[in-house]
Amino acid sequence: MYRGRLERDLKLWTAQGLIDEPVASRLLKEYDSRPSSFSLGRVLMIIAALLVSAAVLLLVAANWEAIPRLVRLIGIVGVIWGAYLAGGLLITRGAERLAAAFLVLGTLAFGGAIALVGQMYHLSGDTFQAMLVWFAGAVVAAVLFRSGAVTAIAGFLAFVVAGADWTASYNTNEMVLLWLMPVMAVIIILLVRYTGADRVRHLAYLLLVTWLAFIYSEYETPTTAITIAAFGAVAYLLAAVPQSPLHAVARSAGASPAFYSYLVLIVGLLVLHAEFDDIGDRLFLGIITLAAAIAGIALSGKENGAVRYLGYATFAAETLYLASETIGSIIGTSGFFLVSGLVVALIAWGVIALERRFSQAETKAEA
Amino acid sequence: MTTSRFFSLPPLVAAIVAAALQTAVLGYMVESRASILRSGADIKLKTLPVDPRDLLRGDYVILSYSISTISKSIITGQAPAAGGRARLSVRLKPGTDTLWTATEASFGELAPAEGSVVMRTLPFDYYAGVDGLPETLFVNYGIERYYVPEGEGKVLEDARNQEELEVEARVSDDGTPQIARLILRGEPIYDEPLY
């Protein structure tokens, strides 16, 4: 693979003093940012690690009586040691991608070992605790190896921890999630900053969005929904308005902060639609939602495609919703579809016109 | 992925530290349970199993005990007035048929006494009505699962239907129980080794 060779060469040149370390990482970053730099080898390697881990976990699940359980436990601990040592060895040899696969294997085997201990001693009512221990183990491994792949595993485990608490309704305290979910999200974001696994950031943001949804499910009132929408609006404005003091920090994390805060705003507004029954309230809410959609397109449309498309979708959905609420009942079903068709055509025309302007602005800026 | 390592351990050191930490965690989990089996107080309980499946951990039988239902009449001492989240200490004494039953329960601590074993429930939510506590409280002890080789859960389920399944458990000083043995129609079927 060219990327592997490039990485090795850059390391060599850095070691020989031909280029500086920042230059080397910039060059590598440039290569990674190319659309064709998707590495099939890396993906297949991680998939292989996941498959082997699944085999280990299923070996536990099968409760295979032919092998004494102590032997199975020692075997899994052996897998943990072997995987981590192999990973460490491969890192020292510069084969970081193969190393990542081994680290993933070791971290998942740790989870398998926890499950095996639970099975050995017939533990019940402890799933949440067990998952939390697994998450902690993954975080520690990610820090020690400074591994982006293990950071990704930790990100997924954060969801598993939250899910384990949420679904086990009897023994666990759901209120724990109110503070635990944001704490786990912050841990993941710190890991991402430390390991450079930028894409894992999305898991942390999604965890925060899920957390807000969880808060709403616990306190199902219009006030909660309004607070969530308002929080999203403020966070979005802080991230997207150029005059905001946080604008620079948010931009350094890419398009995500603006997009996810905008998503929170839209989700909050969506939930409010279910809270308000009165037609006047709904109309008012509709106007707010349309305004939010237009504001998103206007503020971030040029630089943030994700916000732009969410804005389009929100605008279209809200327009159709308002049409069905107001004139839908007057004109009958076929008339409503006719009006819907016209409305969607109008929106489509608006979107095409806007997209053309954005792309023209981009070419002008480049020229 | 990262080429700049302004702070990081040598990978092999990281490997040893990570593996050792995780092994220590697992060792602690194992020993905390094995020590109960080794030195806990023996009790014997009546059960009611059913049979679902845990994908990650294989077949297990859900066990429910006669001591899982705590009657209001045996609760001594003050109960938290507002309801909420609590744990009970439950005093168990052997009955005439050698099966242990709950004789006293408290939201606070229960003093150890000769011929009885005090077991702690897992935390549970309860709602106090106008008359205070509800008539019965349903509690769990953390011994409600028994993992069996694939396919063998059925036998235990049948025994459940005939109420012929008993559990021998050991209880640590702090009230944590650990299943030690399953008894089917008076015959021990699964004997739990320490490890």
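Nearest 10 degrees, 0 to 90: what angle lies between the long axis of helix A:21-33 and the longest principal axis of chain A (Cα atoms)? That works out to roughly 60 degrees. Counting neighbouring beta carbons within 10 Å and listing from fewest to most, the residues A:I228, A:I352, B:I16 come out as A:I352, B:I16, A:I228. In summary, the lysines within cross-link reach of A:K302, defined as a Cα separation below 16 angstrom excluding same-chain residues under 8 places away, comprise A:K364.
The mean number of Cβ atoms from other chains found within 10 Å of a Cβ in peptide A:194-201 is 2, as a whole number.
Given N residues in region A:125-213, what is Rg(Cα) / (2.2 N^0.38 Å)?
Rg over 2.2 N^0.38 Å, computed on Cα atoms: 1.03.
Shown here for region A:81-150: trypsin sites (Lys or Arg not before Pro) in loop regions (DSSP other than H, G, I, E, B) with at most 13 other Cβ atoms within 10 Å, namely A:R93. Residues A:D126, B:D174, ranked from the fewest to the most other C-beta atoms within 10 Å, line up as B:D174, A:D126. The ranking of B:M29, B:M119 from fewest to most other beta carbons within 10 Å of each one's beta carbon is B:M29, B:M119. Relative to the first principal axis of the alpha-carbon coordinates of chain A, what is the inclination of helix A:2-15, with its axis defined by its Cα atoms, in degrees from 0 to 90 and to the nearest 10? For helix A:2-15, the angle is close to 70 degrees. When the P(r) of region B:60-195 is calculated, the portion above 27 Å amounts to 26% of the C-alpha pairs. The spread of Cα positions in chain A, taken along each principal axis and listed from longest to shortest, comes to 74, 61, 41 Å. Taking the longest Cα principal axis of chain A as reference, the axis of helix A:222-240 is set at about 80 degrees.
Which whole-number percent gives the relative contact order of region A:125-213, counting Cα pairs below 8 Å spaced six or more residues apart?
Working: 99 pairs, mean separation 29.5, N = 89.
Value for region A:125-213: 33 percent.
Taking 29 Å as the straight-line reach from the Cα of B:K154, the lysines in range (excluding those fewer than 8 positions away in the same chain) are B:K44, B:K46. With a 10 Å cut-off around each Cβ of A:127-136, the average count of Cβ atoms from other chains is 2.
We did not get these values from a lab; they are worked out from the coordinates using the rules stated. Since the model is a prediction, treat every value here as computed from it, not as a measurement. Using ideal geometry, Cβ is built from the backbone for each residue, glycine included, and neighbour counts are taken over all protein chains shown.
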